[in-house]
Structures are given as structure tokens and as C-alpha cells.
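The values are calculated or read from the model by the stated rules, or taken from the named source; none is laboratory data. Since the model is a prediction, treat every value here as computed from it, not as a measurement. With ideal geometry, Cβ positions are generated from the backbone for all residues, glycine too; neighbour counts draw on all protein chains shown. The area values use the complete protein model at the heavy-atom level, side chains included, leaving out ligands, DNA and RNA. Shrake-Rupley method; radii C 1.70, N 1.55, O 1.52, S 1.80 Å.
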Amino acid sequence: MWPVRPEFVPDPALSRDEMETLQHDIAAAANFSDDSEDDSQRPTPEEAPIVAGVDQAFDDETATSALVIMQSGEVIERVHATEPTEIPYIPGLLSFREGGAILSAFKELETEPDVVLVDGSGRIHFREAGLATHIGVTLDIPTVGVAKSLLCGQPRRSLSEPLPEGTRVAIEADGDVTAPEGTVIGHAVQTRQYNSDSRYINPLYVSPGHQVSAETAADIVESQSSEYKLPEPTRLADSYAGELTRR
DNA sequence: GCGACAG
DNA sequence: ATCTTGTCGC
């Protein structure tokens, strides 16, 4: 797959202001709902969706992006790409560090996924344009952001107590987010939990990337999770990226 | 100036 | 993200 919107390809050479301006344009082009302009690509209810997971690993000077494609619990394709890292990690600008390697990996891909699970935030982002949104809009493909910690926004209720498995808590826009206050920009999703007093698992922070609603994003992540907290395509992409870098 | 921040 | 041993609990 190649960028459908080349003007949105993340350029690490941009100034900080230019990056933020681009993110506002991306958010304006994003679709945070389940309504598609073109539903010819939608999976029919009787066929299992093709779900991709993407994750990156780093060494001293390169970023490696790994893509794992699954259908009905089976890996049907796996690709990767390595690119030099141009800029450091800056909260809010992650896609300009990792986006290039991700888009390179997508160029190697032959299967067209129905949805992509991206490691990081989507709409849970200061300008509603996290990594998942950036990749989704640039490729014009449905994406979901799956983060292990919360970048911004306000949980509707406290997350200080462990949540039971299956619980979902809305994350609302606050003053740090461009969306109107109270807008549901994602969910804390407890895919797994221990039944113990001393040990507990933190929730995932799931948000729409592109062409999915906050509710559907959480549904997809739950449906792709099995033995572990992370959805399977993400977990496999994570370990694949790790073993590629370790060599 | 202070706080707060995906990977 | 990455650097790493022990340790907790099923």
C-alpha cells in the first residue's frame, strides 16, 4: 500500500510549527466515525476481517517497523522495513519519528487489511492527530490507536483502582485537546485482569485512528485480544520488530 | 515559570 | 522506545 494523500506523509525535516499545522490538517481530514465514503471495501459480515498490527523497535540509528497481518487467528502475511531515525521522541510528534518506517513497511505489503492496529494514540492526542490517525489518513485506511499509557484527555471516572476485565471507561477531551470539552476521544479498555489483590494489569488506551468510531475501536481491540492484554496482531508485531532489531 | 506528555 | 535481575502469583 502506498500513500493516498502524499501531502500528509510525515517529514521529519519540518519545523515544530509546520508539524503541528500538518496535524491540524490531518485531523480535519480524519473520519472518527464508522460511516465510510466508500463501503465497497467493508468486510461482509460473513467473512472474517483482515486485521493488521504495526509496531516499531529501535537501535542506535534506525527504526524498524514490523507489520503482521492476521485473519481468523492466523498470520497470513508479515513484512518489515528499516529507516534511519531522523528526530528524537517528542510527545505529540511521534508520527514524525516513526511514520516513515511504517509507511515503508506498508509499501512491502500485498494484502489489503480491513483495519490496522497502530501502537500509540489516534484521536487521543492534543490536536486529534496521533500516530494512528496520521497513518490512517495518509493511507486512507481504517486504523485504531492502541496505547499503553494515556497521552492526554480525562477519564470519565477514576482509573486509580484496578478495573475488572471487560471494563471500558470513556476518555473525554479536556482543555489540552482541540476537540470540544467532553467529546469522547477514546476509551480505557481492560482486556485482561488478574484475580489478585497485590497484582493488577493496567488498561489499554484505545482511540479512533481513521474511519472508526471510539466504540468500534474498543470493540475491535477486545475482539482481537486473547491470552494477553495486547491484541494479538499488535503483540506479534511487537515481538517480530524486537527480533529483527536484536540481530 | 510550572506541569505534563504515546513511543 | 531501551537498558536488565529478581520476584510475585497462578
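What does the C-alpha gyration tensor say about the overall shape of the range A:1-137? Classify as rounded when a/c is under 1.5, otherwise prolate if a/b is larger than b/c, or oblate.
oblate
Among DSSP beta bridges lying fully in the range A:116-228, give the percent that are antiparallel, nearest 5. Mind dumping the intermediate values first?
Values: 15 of 19 bridges.
Around 80 percent of the beta bridges assigned by DSSP in the range A:116-228 are antiparallel ones.
With θ taken as phi - 60° and the coefficients 6.51, -1.76 and 1.60, list the Karplus ³J(HN,Hα) couplings across the range A:161-176 in order, rounded to whole Hz; mark glycine and proline as x.
For the range A:161-176, the Karplus curve yields 9, x, 8, x, 4, x, 6, 9, 10, 5, 9, 9, 5, 10, x, 7 Hz.
Calculate what fraction, in whole %, of the accessible area of chain A sits on carbon and sulfur atoms when a 1.4 Å probe is rolled over the protein chains. Working shown, then result.
Numbers: 5170 of 11640 Å².
Ligands and nucleic acids excluded, carbon and sulfur give 44 percent.
Most mobile of A:ILE90, A:ILE141, A:ILE220 per a Gaussian network model of chain A (Cα springs, under 10 Å)?
A:ILE90
Using modelled backbone amide H atoms (1.01 Å from N, in-plane), which distant-in-sequence or interchain residues come within less than 5 Å of A:PHE32's amide H?
A:GLN211
What is the distance in Å between the Cα centres of the range A:173-200 and the range A:201-238?
Taking the Cα centre of each part, the range A:173-200 and the range A:201-238 sit 13 Å apart.
Rounded, prolate or oblate: which fits chain A when a ≥ b ≥ c are the square roots of the eigenvalues of the alpha-carbon gyration tensor, with rounded for a/c under 1.5 and prolate only if a/b beats b/c?
Numbers: a/c = 1.27, a/b = 1.12, b/c = 1.13.
Cα axes put chain A in the rounded bin.
Please list, in order along the range A:25-33, the HN-Hα scalar couplings obtained from phi with the Karplus expression 6.51 cos²θ - 1.76 cosθ + 1.60 (θ = phi - 60°), rounded to whole Hz, x for Gly and Pro.
5, 5, 4, 5, 8, 6, 10, 9, 9
Would you calculate the separation in nanometres between label points at A:ALA48 and A:ARG157, each defined as 7 Å from the Cα along the Cα-to-beta-carbon direction?
Between A:ALA48 and A:ARG157, the simple spin-label model gives 3.5 nm.
Give me a comma-separated list of calculated 3J(HN,Hα) values for the range A:116-130, in order, Karplus coefficients 6.51, -1.76, 1.60 applied at θ = phi - 60°, integers in Hz, x for any Gly or Pro.
Ordered by residue, 3J(HN,Hα) equals 10, 8, 9, 6, x, 8, x, 6, 6, 6, 3, 10, 6, 9, x Hz.
Express the accessible area of the range A:178-219 per residue in Å², computed with a 1.4 Å probe while the remaining protein chains stay in the model.
On the way: 1850 Å² over 42 residues.
Dividing the accessible area of the range A:178-219 by its residue count gives 44 Å².
When only DSSP loop residues count, what trypsin sites (Lys or Arg not before Pro) in the range A:130-186 have their Cβ near at most 15 other Cβ atoms within 10 Å?
Values: sites: A:LYS148, A:ARG156, A:ARG157, A:ARG168; in loops: A:LYS148, A:ARG156, A:ARG157.
Of the trypsin sites (Lys or Arg not before Pro), the ones in loops of the range A:130-186 whose Cβ has at most 15 other Cβ atoms within 10 Å are A:LYS148, A:ARG156, A:ARG157.
Need one word for the range A:131-230: rounded, prolate or oblate. Basis is the Cα gyration tensor (sqrt eigenvalues a ≥ b ≥ c); a/c below 1.5 gives rounded, then a/b vs b/c decides. Spell out each step's value before the answer.
On the way: a/c = 2.41, a/b = 1.36, b/c = 1.77.
Oblate.
Can you give me the relative contact order of chain A as a percent, contacts being Cα pairs under 8 Å and 6 or more apart?
Details: 590 pairs, mean separation 56.4, N = 247.
So the answer I get is 23 percent.
Multiplying the sequence separation of A:ARG78 and A:THR178 by 0.36 nm and subtracting their Cα-Cα distance, what value in nm do you get?
Values: separation 100, 0.36 × 100 = 36.00 nm, distance 3.60 nm.
Here the answer is 32.4 nm.
Give, in nm to one decimal, the length gained when the segment between A:GLU112 and A:GLU37 is fully stretched (0.36 nm per residue of separation minus the Cα-Cα distance).
That pair, A:GLU112 and A:GLU37, stretches by 25.3 nm at full extension.
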